[in-house]
Amino acid sequence: MVTESTNHNQIGTLQESSLHATLKAHYQMQGDQLETLVDGYVVDIVRPDLLIEIQTANFTAIRSKLRKLVKNHRLKLVYPIAQDKWIVRLETDDTIVSRRKSPKTGRPEDLFYELVRMPNLIAHPNFTLEVVLTQQEEFWINDGKGSWRRKRWSIGDRKLLEVIDTIEYTTPTDFLAAIPADLERPFTNRQLTKALHLRRGHAAKITYCLRKMGLLEITGKQGNAHLFAETN
């Protein structure tokens, strides 16, 4: 059921980041309805045959929403990953203190940090996931309220600079691209970490998701480490 609601539209856009708003404009087509109620949930973009939801934060916040919407609607989840990011530091009066490029480089495999929250949803025939590789600016505010990791600077906003590429996942097998073809089978998480130059623990998230999708199975052990291979 699709309905219009002024109150819910306000709720949907009240704390919308610049990144979210720009991506919404990027995906919008003529005739689309924006911030519209569908089955009791505000959806970013509504078309007669497709719902598009843009998520710039973690998947936990929308997991229940997506699971309910895909029961009766085709749905595409759009998730941006900053391949390149610039940190802009601001004083509370918006005076720019500095701008520098972050040494961290985002990559498609970063998706699995969030996908661990709902890997089973990928198998639903109504669900599609699209990763958007981007260049972004992230604005830090010197208000003393942020994370200790940022020395109490708060993240005020994120801004889209450029869309570099998009990767669409329509079926679980599309995610097997995360496993290098030349990686010897079976393999351990440690071997996958080395092959993909991942951070510690990242490979375990990938193999967990692929197991939940029915794409990988445990075939044995190498010492205390599980061995993984594609299912037959």
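Each value in this text was obtained by applying a stated rule to the coordinates, not by laboratory testing. Computed from a predicted structure; not experimentally measured. Neighbour counts are summed over all protein chains in view; Cβ atoms, including those assigned to glycine, are modelled from backbone coordinates with ideal geometry.
For this structure, a couple of remarks:
- For the range 146-163, the set of residues classified as in a helix (DSSP H, G or I) and not aromatic (Phe, Trp, Tyr) consists of Arg149, Arg150, listed by residue number.
- Extreme residue, surrounded by the most Cβ atoms within 10 Å (Cβ to Cβ), among residues of the range 24-66 that are assigned to a helix (DSSP H, G or I) and in contact (Cβ under 8 Å) with a residue 40 or more places away in the chain: Leu66
- Any hit, the range 133-151, residues being acidic (Asp, Glu) and free of Cβ contacts under 8 Å to residues at least 24 places away in the same chain: no
- For the range 91-141, filtered to residues that are in contact with a helix residue (DSSP H, G or I) (Cβ under 6 Å, 6 or more places away or on another chain) and either among the β-branched types (Val, Ile, Thr) or part of a loop (DSSP other than H, G, I, E, B) (or both), the residue that is farthest from His202 (Cα to Cα) is Ile122.
- Filtering the range 182-232 to residues that are closer than 21 Å to Phe59 by Cα, in a helix (DSSP H, G or I) and free of Cβ contacts under 8 Å to residues at least 24 places away in the same chain leaves Ala203, Ala204, Thr207, Arg211.
- Unique match (being of a type in the set (Lys, Arg) and free of Cβ contacts under 8 Å to residues at least 40 places away in the same chain) among Lys101, Lys85: Lys101
- Residue in the range 146-166 that is over 20 Å from Gln83 (Cα atoms) and crowded, with 19+ Cβ neighbours inside 10 Å present: yes
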